[in-house]
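Notes to accompany the following structure.
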Amino acid sequence: MSQVPFADLHAQYQSIKPEIDTAIESVIKASAFIRGPFVEKFETEFAETLGVKHCVSCANGTDAIYIAMHALGVKPGDEVITTAHSWIATSETISQAGANVVFCDTEKDNFNIDASQIEAKITARTVGIIPVHLYGQPADMDAIMAIAKKHGLWVIEDCAQAHLARYKGHYVGTFGDAATFSFYPGKNLGAMGDAGAVVSNDGALADRMAMFARHGGLTKGDHQIEGINSRLDGLQAAILSVKLRRLPEWTESRRQKAARYDELLRGVAAVETPVTTDDREHVYHLYVIRNERRDELARALARSGIQTVINYPVALPFLPAYSRLQHKPEDFPHSWSNQSRILSLPIYPEMSDTNQERVVEAIVDFCSQFG
Ligand SMILES: Cc1ncc(COP(=O)(O)O)c(C=O)c1O
């Protein structure tokens, strides 16, 4: 039985092999391994693509959040509000920066932070909000920015899963004080190793972020502060420049495949497909369905050779890492109920129609037996 992989990075490489190979060769020829022209070129291109003034590249999307928070002056005792359902990078960096994590429940159907619950979480110690555009669907940025403005808080958008997603016509990453991106290989824009970036329209903030990421100095030997070492390397930058050119077409392909899943799964009552609204352009880093018998469904799909993933099986407040906060299911009812129902189906730009049909047939088969 042939397998339906969750993603296929080799197929992506094959589709752009000559350009990638040439890019890698150029970096090796120039020995431009750390920073240098390829990194600067990618930073400029990525900022231009989003229409922001500054891009500070770094080692990964986790560092990006930490760097942004450090540059915004987060200090011990501060509180930062973030979503209850995300990858742990979003919340662990709050603790790394010395602040206290304050979780906010998600909207039941779009999985993003529920903006209507944020104000109730604000105290005299709150300094900022980190919304995540989870799975590639924008969070409610108008509501979040209005709350931030009213209370004098900063906003860092975690765009790790949402390259080129749009909220009311504008790219995510252009709303907050800063926005962070991951270029982990499986992301919509992925390197061939770890890579990340922070973008901002605030020049002074961008300088502080770059300084902190580069041992506290913008020029070699001039250490204004103690920093960290978080660098994008030349090979990854050159690879990302090649892939950035394809990103619009890959994004469109993901959106078409998502629309096809929506269509094919429409009549399957036991499956809830992703809920989107007209004001948001979801880029489907993940296509997440919900089903009451999720674990059995995942096992049935695995038996049919179909790979699925759960993103994420335990919402952040319920992880052992946060047992100190002693949260209960009723504190975050939507995240609690979604964590046992969500299932991410294979989706990637090169996925064949046949493989998509196989996924749907296996789901239909399971549902016709078990409902
Ligand atoms: C929502 C979210 N935030 C942050 C990160 C961290 O990115 P990285 O793996 O590049 O450190 C990820 C990556 O998985 C993510 O999905």
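Would you mind stating whether residue 148 is small (Gly, Ala, Ser) and surrounded by 24 or more Cβ atoms within 10 Å (Cβ to Cβ)? Here the answer is no, as residue 148 does not meet what is asked.
Look at (1) at pLDDT below 95; (2) in contact with a strand residue (DSSP E or B) (Cβ under 7 Å, 6 or more places away or on another chain) and you find that residue 43 fails only one, number (1). Consider segment 310-328 and keep the residues that are over 13 Å from residue 87 (Cα atoms) and in contact (Cβ under 8 Å) with a residue 60 or more places away in the chain. The one that is surrounded by the fewest Cβ atoms within 10 Å (Cβ to Cβ) is 325. Looking at the structure I just gave you, is residue 22 farther than 19 Å from residue 183 by Cα and free of Cβ contacts under 8 Å to residues at least 12 places away in the same chain? Yes; evaluated as a whole, the condition is true for this residue.
Specify the residue that is farthest from residue 106 (Cα to Cα); the eligible residues are those in segment 329-353 that are of a type in the set (S, T, N, Q) and buried (at least 17 other Cβ atoms within 10 Å of the Cβ). Walk me through it before giving the result.
Just the residues of segment 329-353 that are of a type in the set (S, T, N, Q), to begin with: 335, 337-340, 344, 352.
Next cut, buried (at least 17 other Cβ atoms within 10 Å of the Cβ) only: 335, 338-339, 344.
Values: 335: 6, 338: 9, 339: 11, 344: 18 Å.
Looking at residues that are of a type in the set (S, T, N, Q) and buried (at least 17 other Cβ atoms within 10 Å of the Cβ), I get 344.
Comparison of 293, 324, 341 shows that the only residue that is out of contact with any helix residue (DSSP H, G or I) (no Cβ under 7 Å at 6 or more places or on another chain), charged (D, E, K, R), over 22 Å from residue 9 (Cβ atoms) and not assigned by TED's automatic domain parsing to the domain that holds residue 117 is 324.
Applying the condition of being under 20 Å from residue 34 (Cβ atoms) and among the polar types (S, T, N, Q) to segment 225-271 and asking which residue is surrounded by the most Cβ atoms within 10 Å (Cβ to Cβ) yields 236.
Flag: residue 279 matches the condition of being surrounded by fewer than 17 Cβ atoms within 10 Å (Cβ to Cβ), more than 28 Å from residue 294 (Cα to Cα) and not assigned by TED's automatic domain parsing to the domain that holds residue 59. If you go through segment 190-215 and keep only what is part of a loop (DSSP other than H, G, I, E, B) and either within 11 Å of the ligand (Cβ to nearest atom) or buried (at least 24 other Cβ atoms within 10 Å of the Cβ) (or both), you end up with 190, 191, 193, 194, 195. The combined condition, being outside any helix (DSSP H, G or I) and among the hydroxyl-bearing types (Ser, Thr, Tyr), is not fulfilled by residue 322.
The values are calculated or read from the model by the stated rules, or taken from the named source; none is laboratory data. Remember, predicted model here, so these are calculated numbers, not experimental data. Cβ sites come from the backbone with ideal geometry, for glycine too, and all protein chains shown count toward neighbours.
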